1. Somewhere in the stretch 118-139, is a residue among the hydroxyl-bearing types (Ser, Thr, Tyr) and open to solvent by 50 Å² or more (accessible area, probe 1.4 Å)?
2. Inside the stretch 75-92, can you point out the residues that are open to solvent by less than 60 Å² (accessible area, probe 1.4 Å) and either touching a residue at least 40 places away in the same chain (Cβ under 8 Å) or of a type in the set (Gly, Ala, Ser) (or both)?
3. Can you pull out the residues in the stretch 137-147 that are touching a residue at least 60 places away in the same chain (Cβ under 8 Å) and not charged (D, E, K, R)?
4. Considering every residue within the stretch 181-198, establish whether at least one is modelled with pLDDT of 85 or more, touching a Cys at 6+ places or on another chain (Cβ under 6 Å), of a type in the set (A, V, I, L, M) and surrounded by 21 or more Cβ atoms within 10 Å (Cβ to Cβ).
5. Would you mind finding the one in 67, 51 that is at pLDDT 85 or above, closer than 17 Å to residue 205 by Cβ and either open to solvent by 30 Å² or more (accessible area, probe 1.4 Å) or polar (S, T, N, Q) (or both)?
6. So which of 169, 165 is open to solvent by 40 Å² or more (accessible area, probe 1.4 Å) and at pLDDT below 80?
7. If you take the residues in the stretch 16-35 that are open to solvent by 60 Å² or more (accessible area, probe 1.4 Å) and β-branched (Val, Ile, Thr), which one is nearest to residue 214 (Cα to Cα)?
8. Give me the helices (runs of 4 or more DSSP H) completely within the stretch 8-87, filtered to those with at least 2 residues that are touching a Leu at 6+ places or on another chain (Cβ under 7 Å) and closer than 30 Å to residue 142 by Cα, ordered by residue number.
Amino acid sequence: MISMLFKRLLDFWVVILLFLAWQMGVTLSQVNAIVMPSPLATVQAVLATPGLYLGALWSTVSLAVGGLAFGMGLGVLVALLSWYSRILRGLLTPVGIIFSSVPVVALIPILSRMFGYGGGTVLAVVAIISFFPFFVFVSSGLRALPAGSDNVFTVFGSSRWNRLIRLAIPSALPNFAVALRITAPNSILAAMVGEFLMKTGGLGNLLSSAADGFRTEQAIGASLVATFAAVMLFSACRWLEALIRARTL
């Protein structure tokens with residue numbers, strides 16, 4: 001048990017080294033805590049008021065997962081429509097590229113007018129960021145068929161719908177898992193950006209209010225909690241990707 005725990009710690013040796021360097025730098029330089037608190041002080045600030053961070057984390061993660069689900073659904077739907085019809089591919093692909101090229105921060109004033117200064121706008125921000133990776137990866141997976149498989153379906157007179165269900169979608173599942181692994185951690189950041197700019201609650205609003213009040217330990221603590229949540233989400237998606245690849249290969 002101890003050896004397994006030690007092995008797990010070695011997997012994060014870079015993170016541990018950074019925290020040690022951070023602690024040593026703050027201790028030796030004796031910099032003011034308002035400018036840069038030590039990691040120990042930051043962890044103590046988090047442990048002193050866990051309810052504050054857990055409540056903010058729940059709000060951020062809920063909006064991140066909801067926006068991720070909307071963006072994922074839209075991206076997969078557009079990818080399927082583009083595969084099914086060449087006309088739709090020609091119409092939807094340029095629109096998707098142009099829409100994803102606009103910085104989300106520039107869209108927030110427009111989105112806030114449409115959905116209000118609340119959770120709806122944060123959901124829209126996360127959905128917009130999540131849409132394009134799913135659209136690109138799933139579209140690529142739908143066309144990356146096993147060698148000769150399309151010819152077999154042609155010989156047996158399979159319909160286009162049957163090819164989609166039995167051939168294209170199973171082939172696209174690994175790419176879907178990759179898109180999920182890439183996008184899921186970023187959804188936390190996207191939700192925090194929306195909360196930070198509109199002060200709607202969650203970790204983003206906690207970070208903003210703490211920075212405005214010169215509570216640097218609390219601000220960095222919010223960042224560390226968000227980082228931990230993103231890492232956990234990434235690990236879960238990586239596990240799901242490995243499971244999908246094992247079943248599709």
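1. no
2. Hits for the stretch 75-92 are 75, 76, 78, 79, 80, 82, 83, 85, 90.
3. 138, 139, 142
4. yes
5. 51
6. Answer to the check: 165.
7. 34
8. Answer list for the stretch 8-87: 50-84.
The values are calculated or read from the model by the stated rules, or taken from the named source; none is laboratory data. Everything quoted here is computed from the prediction, not taken from an experiment. Please note: Cβ atoms are built from the backbone with ideal geometry, for glycine as well, and neighbour counts cover all protein chains shown. Remember, those area values only see protein heavy atoms, side chains included, never the ligands or the DNA or RNA. Shrake-Rupley method; radii C 1.70, N 1.55, O 1.52, S 1.80 Å.
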